[in-house]
Amino acid sequence: MTLRNMEATCNMKMENRKENEDMMGRIMKKDENDKRKIEAIINERVQSELSNRAKERMEMDIIKREEEIKSPASSPKDVNIQRFHGESSKYMKGIARVKKNDFVRTFDFGTPQDSGGEVMIIYNDLKSLPDDEKIADVTTREKGEGIVELDVQVATKNCHAMHVVTVGNDNSKSCIAISQNYENYHIQKWMRTSSHKSPLDPNQPLRAVSRGQQSNGRVSFNPPNMDLVQKHWTMLQTYFSSIDELMENLKPILEKIAIRNTVVVLTCNHGQSELLMNFVCNAQVKGFDLRNVLVFPTDKETKDLAEGLGLTTFYDEMNFEQLPTKEAKSYGDNTFKAMMFAKVVSVQIVNMMGYDLLFQDVDVIWYKNPLNYFQDDTNPLHGFDMYFQDDGAHSTRYAPYSANSGFYYVRSNERTRYFFVSLLYAGDLILRSSSHQQALIQVMTEHASMFGLRVKVLGRDMIEFPGGWHYHRRRDFMKQVVKGEVNANIFHMSWTTNKNNKLKFFQQMGEWYLNKNCIGKTKEEIVGNVTSSLALIQPCCLSEAEIICHYKDKPSKIPCNDSPPIDKHGRNFW
């Protein structure tokens, strides 16, 4: 073989070798890609299997927990794990529960309470746990027996401060979120809704809403528009320009009539005057002393009637002369709203001048002098700044107090004085909401939180202070009332559409002592020009109650079964 042939043969072998190496490289690369694809498929299947298993385990855990809740006796007794984990353990160390009735008796924060139930106490710091190490241990660790129930004194002994949060009874699909952050004393409300004033929509994200927004989209709290603001400013301008003169004229009157530094304040126009007159005649027959009653009449006719019944009056003509003289036809109408200004001013000025007071609407009658209840130093509830009758309407609109602004007692101090000044400033809220009561509760809630104003609502279960809620909702209780078997102080005919129904309901209850010839009349029409301070007592006040049946389905002193019902499908009261 020649040298040239040998070189050619070598080159061919080298080329073949290179081709073989390239081919092997391509094959190995293909194998590597295939291997990666296979591994990816395997990993995907493994992860899917693990996820399914984790989901199955989670579902089994949920079922197991539900079974443990339903049958705590079957829970394992050897469980001993920390209750709170992760970041939450930094501000939640332990948890216990106490009976709600015991808690409220110990820490009475004034709002109405339903009986029964429990209070959950979360301990934010190890130092706030109960002293007993065994008790402290069961609050911080899960031992298979659920959350421990403790005596309220034991549970709260080391709580140097305590935040109280209450939730409603209708907790359908609701949650409570607790976050460690810059301290906040207000509840933030979120709801699944498309926008402000839209109804609940489960398909929408949670959005921040007004605390007054309801599931139907209705919003209880709306800001006043500028027309209402300016209308209120005009009223305030008149009041502020006359305040010095008012106080100068009022001072000798208060000094003369106050008993134990206390006066009873009422305000009324001529349209409601028969209810005022019935209150006086009712009290006259029962022998009550009304010397410290002060009426703020909003017209000359009511001033004359009140004085003719022996009451002291203060007629602020400058501020009240523009108020209507006719009665409100229904709750919240224009006449009703206008008269609310008189309710604010009459209380604010007496309170500011340093007097304790009982304010009541004219649709209240007394069984006993209610001042004795509030002035009793031995009364367990003696330490509050303000006391309100429970309205009974425990709705979002009146939360959290449901305080009835037609019957309440106030001690004059720096907290109450500033509260009523603030309520005076918030008169445009009354105009916007058509409710003195709603605006009062809004302002009062903030003052209770901000300034420590102590407010006590005399709950619906307190038989001493029944009212319209009992009248329309508690038939058996009202039978005891009309029989005189209840140790009540007063009765307030609230929850009633208008004056005419109030009159009829009082007549049925045997609490109407006003002669029909004096209803809707002026003093001059009744007794002419007689100037005696008691000129109206004899012609207008009956010695016995006038009992008249009107409706068979409402409380009555005697059976009224032959009368028609006032409510649809109303059944006999007796």
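A short reminder: the numbers here are calculations on the coordinates, not readings from a lab. What you see is a predicted model, and the numbers here were worked out from it, not measured in a lab. Reconstructed Cβ throughout: ideal geometry from the backbone, glycine too, with neighbour counts over all protein chains shown.
Packing-wise, with mean Cβ within 10 Å as the measure, how do 129-138, 526-535, 390-399 rank, highest first?
Working: 129-138: 15.2, 526-535: 13.2, 390-399: 19.6.
Output ranking for 129-138, 526-535, 390-399: 390-399, 129-138, 526-535.
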Once the piece of chain linking residue 85 and residue 101 is laid out straight, how much longer is it, given 0.36 nm per residue of separation minus the C-alpha distance between them? 2.6 nm
State, to one decimal in nm, how far the label point of residue 218 lies from the label point of residue 531, with both points 7 Å from Cα in the Cβ direction. 5.4
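May I ask you to compute the full-extension gain from residue 142 to residue 487, defined as 0.36 nm times their residue separation minus their alpha-carbon distance, rounded to one decimal in nm?
Numbers: separation 345, 0.36 × 345 = 124.20 nm, distance 4.87 nm.
This chain segment gains 119.3 nm when fully extended.
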Between the stretch 124-180 and the stretch 214-272, what is the C-alpha centre distance in whole Å? 44
Once both labels are modelled 7 Å past Cα along the beta-carbon direction, what's the residue 446-residue 238 spacing in nm? 2.6
Length gained if residue 547 through residue 300 is fully extended, taking 0.36 nm per residue and subtracting the Cα-Cα distance, is 85.8 nm
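Can you compute the FRET efficiency between residue 178 and residue 393 using 1/(1 + (r/R0)^6), with r the Cβ-Cβ distance and R0 = 25 Å? Round to the nearest 0.05. Before the final figure, lay out each step's value.
Values: r = 29 Å, r/R0 = 1.18.
Rounded to the nearest 0.05, the efficiency is 0.25.
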